[in-house]
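Notes to accompany the following structure.
Just so it is clear, none of the values below were taken in a lab; they were calculated from the coordinates. Because the structure is predicted, anything quoted here is derived from the model rather than measured. Backbone-built Cβ (ideal geometry, glycine too); neighbour counts: all protein chains shown.
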Amino acid sequence: MNRYLRDYLILVLPAAVIVAFDQCTKWLVRTHLPFDTMWLPAGLSWLSPYARIVNWSNSGAAFGSFQNGNPVFTALAILVIGLIFYYFPRIEARDWTLRAALVLQLAGAAGNLVDRILMGKVTDFISIGTFPVFNVADSSISVGVVILLLGVWLNERAEKKAAAARIDVNS
């Protein structure tokens, strides 16, 4: 199999699964829960101050910032997706943290981009405590950032160990 084809399959297939899950959950919320209302399973009302499902929308960026910026964030998502497609095959296969982070970033950007294009806003539905309402795509982006930071830390740690080993050998 062509290396580029393999790389793009590694990028697109898991991202597509996440986007499908994101879109399915948003559809369920939009079709079964009136806008600006909350839902919890029967018997779990005590949980409402801590976690609940709500039907909310966002025309801005993460955490409700920059409201009414949909055109800008649509363009940014398209740019980010394009950059991920350009850079992904150039990343060494052994750099699994960067590859995983980019898969998650692609999924999150694409999931919210679908909403922005089709509805002009992003559906959010996961509400935890006083934290801003978010969705599966937002979670994908956030987890991707954590994995990216973890990867940078692991790579720096490995480079320091290798440098220390070179110094020991040369001493």
Would you grab the residues whose amide H sits under 5 Å from the one on SER59? Only those 5+ places off in sequence or on another chain, please, with H modelled 1.01 Å from N. ASN68, VAL122
Whole-Hz ³J(HN,Hα) for each residue in the stretch 41-49, computed from phi via Karplus 6.51 cos²θ - 1.76 cosθ + 1.60 with θ = phi - 60°, x for glycine and proline: what do you get? x, 3, x, 10, 4, 4, 7, 4, x
Looking only at ALA61, ALA93, ALA20, which one moves most when the chain is put into a Gaussian network model with springs between Cα atoms under 10 Å? ALA93
Quick calc: nm separation of the 7 Å Cα→Cβ label points for ARG6 and GLU92 -> 1.7
Taking 0.36 nm per residue of separation between PHE21 and THR74 and subtracting their Cα-Cα distance, the length gained on full extension comes to 17.0 nm
Note, ³J(HN,Hα) from phi for the stretch 110-120, Karplus 6.51, -1.76, 1.60, rounded to Hz, x at Gly and Pro: 5, x, 6, 5, 4, 4, 4, 6, 7, 10, x
Burial order of peptide ranges 100-110, 122-132 (average beta-carbon count within 10 Å, highest first): 100-110, 122-132
